[in-house]
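Quick notes on the structure that follows.
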Amino acid sequence: MFSELQPISVCELKRLDRVRSLLEQLGPSEKDSAVEFLFGSKDDLKSEKDVFAEEDDDKMEVEVEEYEQPPEKKIKVEINEKLNISTLLEGCTDLTDIWAQINQDPQNISSEALSEKALENLMKIISTVEIEDKQALEYFIAVMTKTMLHLKIYQKSYEDFYESFLVIYPNSCHQIASQLVIEPALCGLVLFLINLDLMTEDQEKSVLLRWLAEFSIESSTLELPEVILSRNTKLYEDNQVVGALSSSFASGVAEGSDKCVKFAKFLLQVLSKVADLEERVVKNFKLVTERNRTFLRKKLETEVDKKSAS
């Protein structure tokens, strides 16, 4: 009646699936009431899992409800998103309206650089309509220069714009040049602004000092200091300027400057025009002359010795 029974190890008895299989072989079905009593039906196990899953879902829903922001807070977050100044300026026809929005909540305005389209539109408007509010003017100038510095592209259209713009706002030339001078790619534009003759000697001096603090004088960067010094020869007598020149010369490490005759001639021009030199300045100039490999080296060394001895 019954098939011959095989010995079963204790380890196998511990495995639930194996026990079910063995019971099926021995006779009673898994659906038998006795088996269901011992192990429970598959449906029972499934229903228990579903119950726990539902309980977990309920807990998650409660937690979401507890931490979810009330409607009024959601609205506040959306309202506090920063206004994109580029978006405002791209379709703008009146800067007065834009300035009014900025003044309502200055902290809520995005400080990012403008898009090229917004910059183009701003330049078009601001060069044809005079802005009487000084703060508004300074803000829009700062936004324009920041964007130009971000783009790092010297465009001929910038010259055309500033030529028109500075007819209306000539006193803004120094502010603009001082900001643009820190970007090598815009050096040509700064020189254009300098040659418009709208800045005082002190203003041109401040532009030169800022450039000297940022860059080294090398064979490829001579133009800006050469232009400003040729326009303001009294700067050779200014100890602050001479000190900054010596540091900028000494910090140059570009290959080729030591063999560049143009570089050596400019250095000789500076040394021949400066007055007595401080010890720190002498050390800087000696460092530069010692590196020089042109036929002018002897003259350079003589000038340094002459100024340091006097």
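None of the figures in this text is laboratory data; all of them are computed from the coordinates on show. This is a predicted model, so every value here is computed, not measured. Virtual Cβ from ideal backbone geometry, glycine too; neighbours counted across all protein chains shown.
Observations, loosely collected:
- Sites matching GluC sites (Glu not before Pro) across segment 228-289 that sit in DSSP coil, with at most 10 neighbouring C-beta atoms within 10 Å: E255
- Annotation: amide H-H contacts under 5 Å for I109 (H modelled 1.01 Å from N, sequence separation of 5 or more, or interchain): L83.
- Scalar couplings 3J(HN,Hα) for segment 274-291, obtained by applying the Karplus form with A = 6.51, B = -1.76, C = 1.60 to θ = phi - 60°, are 6, 8, 4, 10, 6, 4, 4, 5, 4, 4, 5, 5, 5, 4, 6, 5, 5, 7 Hz; x denotes Gly and Pro.
- Here the Karplus relation 6.51 cos²θ - 1.76 cosθ + 1.60, evaluated at θ = phi - 60°, turns the backbone of segment 196-208 into coupling constants of 6, 6, 9, 10, 7, 4, 5, 5, 5, 4, 5, 5, 4 Hz, with x for every Gly and Pro.
- Around Q104: net Lys/Arg minus Asp/Glu count, Cβ-Cβ under 15 Å: -3
- Highest to lowest packing among 135-143, 148-156, scored as the average C-beta count within 10 Å: 135-143, 148-156
- When +1 charges are put on Lys and Arg Cβ atoms and -1 charges on Asp and Glu Cβ atoms, the dipole computed for segment 112-262 relative to its Cα centre reaches about 200 debye.
- Electrostatic bookkeeping for R293 treats Lys and Arg as +1 and Asp and Glu as -1; over the other residues with beta carbon under 15 Å from its beta carbon, the sum is +2.
- Calculated from backbone phi, Karplus (6.51, -1.76, 1.60) coupling profile of segment 165-180 in Hz, x at Gly/Pro: 4, 6, 5, 7, 10, x, 6, 8, 4, 5, 4, 5, 4, 5, 7, 6
- The L149 and Q101 beta-carbon pair, evaluated with R₀ = 25 Å, returns a calculated FRET efficiency of approximately 0.55.
- Remark: for residue pairs K205/K306; K265/K306; K124/K205; K234/K306, the C-alpha separation exceeds 29 Å in K124/K205.
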